[in-house]
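Here is the structure we will look at, set down as structure tokens.
Any read-out appearing in this document is the output of simple, stated calculations on the displayed coordinates, not a laboratory observation. These numbers come from a predicted model, not from an experiment. Reconstructed Cβ throughout: ideal geometry from the backbone, glycine too, with neighbour counts over all protein chains shown.
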Amino acid sequence: MAAQAEEVDRLPPLPAGETPLVRAEGLTVHFPVRGGLWRRVRGYVRAVDNVSFRVRRGTTVGLVGESGSGKTTIGHCLVKLLRPNSGSIRYNGSEIGSLSKRAFFPYRKRIQMIFQDPFNSLNPRMSLAKILAEPLEIHFPRMSVQQRRDRAAELLEMVGLEADHLPRYPHEFSGGQRQRIGIARALAVEPDFIVCDEPVSALDVSVQAGIVNLLQDLQQELGLTYLFIAHDLAVVEHISDEVLVMKDGVIVEQAGSEEIYRNPGHPYTIKLLRAVPSL
């Protein structure tokens with residue numbers, strides 16, 4: 001196994017008394033490698049290896065790196081789709097990484113995820129009305145049918161679609177529109193923190209800017225906090241306040257957005273910046 005890269009941490013210190021909305025410490029995720037007739041464990045892949053970072057309230061932290069670097073694994077741990085082997089995940093000062101699914105349930109309203117593929121993340125057999133009403137039924141069971149429908153219409157308008165679209169199905173929309181539907185679904189339960197897992201990588205370049213601008217507008221309007229996962233440094237530069245650079249399961253550099261683009265401190269970060277096309 002390759003030696004762990006040396007981490008370069010140039011994040012500005014937190015103001016006195018400020019608690020990050022999300023803090024991960026020593027986060028580690030290993031996947032077993034099986035082989036042979038009996039499918040015995042032959043070793044482990046260190047997808048995430050002793051990673052620590054913070055996300056300040058009301059900011060966007062960009063998490064960048066090549067495919068397979070462990071970015072999405074971190075996102076899945078934060079929303080409890082994966083359980084880390086070790087480490088701590090704290091939300092607003094409370095430990096959530098070790099909670100059972102039942103104990104974590106109240107936090108699902110606070111922590112949501114926007115997925116990479118805007119088609120496969122939506123149920124093709126459900127209309128928009130049902131897609132947007134489902135999280136409301138789960139987390140707000142006292143809402144009436146009409147209240148849920150009104151809320152669904154409001155969500156569509158928030159993301160630039162029309163209430164008249166509620167009876168339609170995902171396949172009737174373009175990729176950019178489907179991603180807007182995914183954003184609306186994430187907003188349905190009024191979260192504070194959203195993990196954006198490469199939300200524009202599956203979209204045409206002409207559509208990406210509209211989605212990024214929408215996320216920024218929603219952040220300002222609703223006071224949202226983002227972890228923005230991407231491999232495109234140009235997109236991350238546009239939306240992020242701080243940037244984490246990840247390689248082989250390890251964060252090799254952490255710095256403010258302007259600082260990391262003006263004066264990268266790790267050789268891997270320099271390589272990523274050189275790979276960004278420029279006019």
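What to note about this one:
- Taking the chain as a Gaussian network of alpha-carbon nodes connected by springs under 10 Å, the highest mean-square fluctuation of the residues ARG125, ARG34, ARG108 belongs to ARG34.
- Its alpha carbons considered, the stretch 67-133 gives a radius of gyration followed by a Dmax of 14.2, 40 Å.
- Panel order for TYR169, TYR44, by other beta carbons found within 10 Å of each beta carbon, from fewest to most: TYR44, TYR169.
- Each label was represented as a point 7 Å from its Cα along the Cα-to-Cβ direction; for PHE140 and SER67 these points are 3.9 nm apart.
- Each of ILE251, ILE89 was scored by other Cβ atoms within 10 Å of its Cβ. Listed from fewest to most, they are ILE89, ILE251.
- Taking the Cα atoms of the stretch 139-231, the ratio Rg/Rh between the radius of gyration and the Kirkwood radius comes to 0.97.
- Relative exposure of LYS247, LYS109, judged by other C-beta atoms within 10 Å (fewest first): LYS109, LYS247
- The chain - mean residue ellipticity at 222 nm from DSSP helices (-39,500 (n - 2.57) per run, n ≥ 4, rounded to 500): -9500 deg cm²/dmol
- In the chain, the alpha-carbon atoms span a convex hull of 162 Å³ per residue.
- The calculated FRET efficiency for the pair GLU25 and ILE270, based on their C-beta separation and a Förster distance of 30 Å, comes to about 0.65.
- Cross-link table LYS80/LYS247; LYS109/LYS247; LYS80/LYS271; LYS109/LYS271; LYS71/LYS101; LYS101/LYS271, entries beyond 28 Å C-alpha to C-alpha: LYS109/LYS247; LYS80/LYS271; LYS109/LYS271; LYS101/LYS271
- The Cα atoms of the stretch 36-78 define a convex hull whose projected area, averaged across directions, is 4.5 nm².
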